[in-house]
1. Are there any strands (runs of 3 or more DSSP E) wholly within the range 31-133 with 2 or more residues that are touching a residue at least 60 places away in the same chain (Cβ under 8 Å) and not aromatic (F, W, Y), and if so which?
2. Can you tell me which residue among S70, S63, S80 is under 24 Å from G113 (Cβ atoms) and of a type in the set (S, T, Y)?
3. Run down K35, K17 and say which single residue is modelled with pLDDT under 95 and charged (D, E, K, R).
4. Which residue out of D44, D21 is within 20 Å of L83 (Cβ to Cβ), open to solvent by 80 Å² or more (accessible area, probe 1.4 Å) and touching a helix residue (DSSP H, G or I) at 6+ places or on another chain (Cβ under 8 Å)?
5. T65 versus (1) more than 17 Å from V16 (Cα to Cα); (2) open to solvent by 80 Å² or more (accessible area, probe 1.4 Å); (3) in contact with a helix residue (DSSP H, G or I) (Cβ under 9 Å, 6 or more places away or on another chain); (4) not hydrophobic (A, V, I, L, M, F, W, C): which is the lone unmet condition?
6. Spot the failing condition for Y10; the list is (1) among the aromatic types (F, W, Y); (2) loosely packed, with under 12 Cβ neighbours inside 10 Å; (3) touching a helix residue (DSSP H, G or I) at 6+ places or on another chain (Cβ under 8 Å), and only one is missed.
7. Just checking, which of A96, A86 is touching a helix residue (DSSP H, G or I) at 6+ places or on another chain (Cβ under 7 Å) and closer than 19 Å to V42 by Cβ?
8. Identify, please: which residue in the range 101-133 is touching a helix residue (DSSP H, G or I) at 6+ places or on another chain (Cβ under 7 Å) and not charged (D, E, K, R) and is, among those, nearest to V42 (Cα to Cα)?
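The values are calculated or read from the model by the stated rules, or taken from the named source; none is laboratory data. Just so you know, these numbers come straight off a predicted model, no measurement behind them. When we count neighbours, we look across all protein chains shown, and the Cβ atoms used for this are built from the backbone with ideal geometry, even at glycine. What goes into the accessible areas is simple: the full protein's heavy atoms, side chains included, and nothing from ligands, DNA or RNA. Shrake-Rupley method; radii C 1.70, N 1.55, O 1.52, S 1.80 Å.
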Amino acid sequence: MLHSVSLRDYMLPHPVKVKADANMLEAMQIIIDNKISGLCVVDDTNNLVGILSELDCLRAVLSATYNKTSVGPVREHMASDNLVVAHPDEDIVDIAQDMLAKNKRRRPVVENGKLIGQITCRQLLTAVKKFRQ
């Protein structure tokens with residue numbers, strides 16, 4: 001049974017992250033090594049500045065190959081406009097419904113401007129499983 005509906009109780013408290021000036025190939029290796037579908041991109045003070053997905057990586061590599069250029073840094077390929085974030089005290093059901101409506105697999109969790117976690121479909125499924133038991 002869900003012991004609460006607060007996102008804080010189900011989020012990943014230490015999401016895998018990368019800096020915006022990191023090399024794309026390094027970021028791709030982090031995604032591969034951690035078997036995840038994307039990364040939170042932060043600045044030096046842990047403020048969320050973007051999100052880098054597997055699809056962003058694939059686009060970057062294909063574009064660089066086609067154009068015979070370097071892949072460049074993460075900042076050139078990450079999503080950074082209109083980032084949708086969650087607060088740790090939001091209702092997990094509301095977040096799940098919004099993620100489904102927006103067809104997003106992950107949502108950064110931010111408190112006082114700082115990245116403190118991430119909720120993904122996997123955490124949502126784990127919460128649902130606990131609820132059903």
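1. Working: elements: 38-42, 48-53, 106-111, 114-120.
In the range 31-133, the matching strands (runs of 3 or more DSSP E) lie at 38-42, 106-111, 114-120.
2. Values: S70 fails: under 24 Å from G113 (Cβ atoms); S63 fails: under 24 Å from G113 (Cβ atoms).
Selected residue: S80, the only one of S70, S63, S80 that is under 24 Å from G113 (Cβ atoms) and of a type in the set (S, T, Y).
3. Details: K17 fails: modelled with pLDDT under 95.
The match here is K35.
4. Values: D44 fails: touching a helix residue (DSSP H, G or I) at 6+ places or on another chain (Cβ under 8 Å).
One residue alone meets the criteria, D21.
5. (3)
6. Only one criterion in (1) among the aromatic types (F, W, Y); (2) loosely packed, with under 12 Cβ neighbours inside 10 Å; (3) touching a helix residue (DSSP H, G or I) at 6+ places or on another chain (Cβ under 8 Å) is unmet by Y10, namely (2).
7. Working: A96 fails: closer than 19 Å to V42 by Cβ.
None of the other options fit; the residue is A86.
8. Among residues in the range 101-133 that are touching a helix residue (DSSP H, G or I) at 6+ places or on another chain (Cβ under 7 Å) and not charged (D, E, K, R), the one nearest to V42 (Cα to Cα) is V109.
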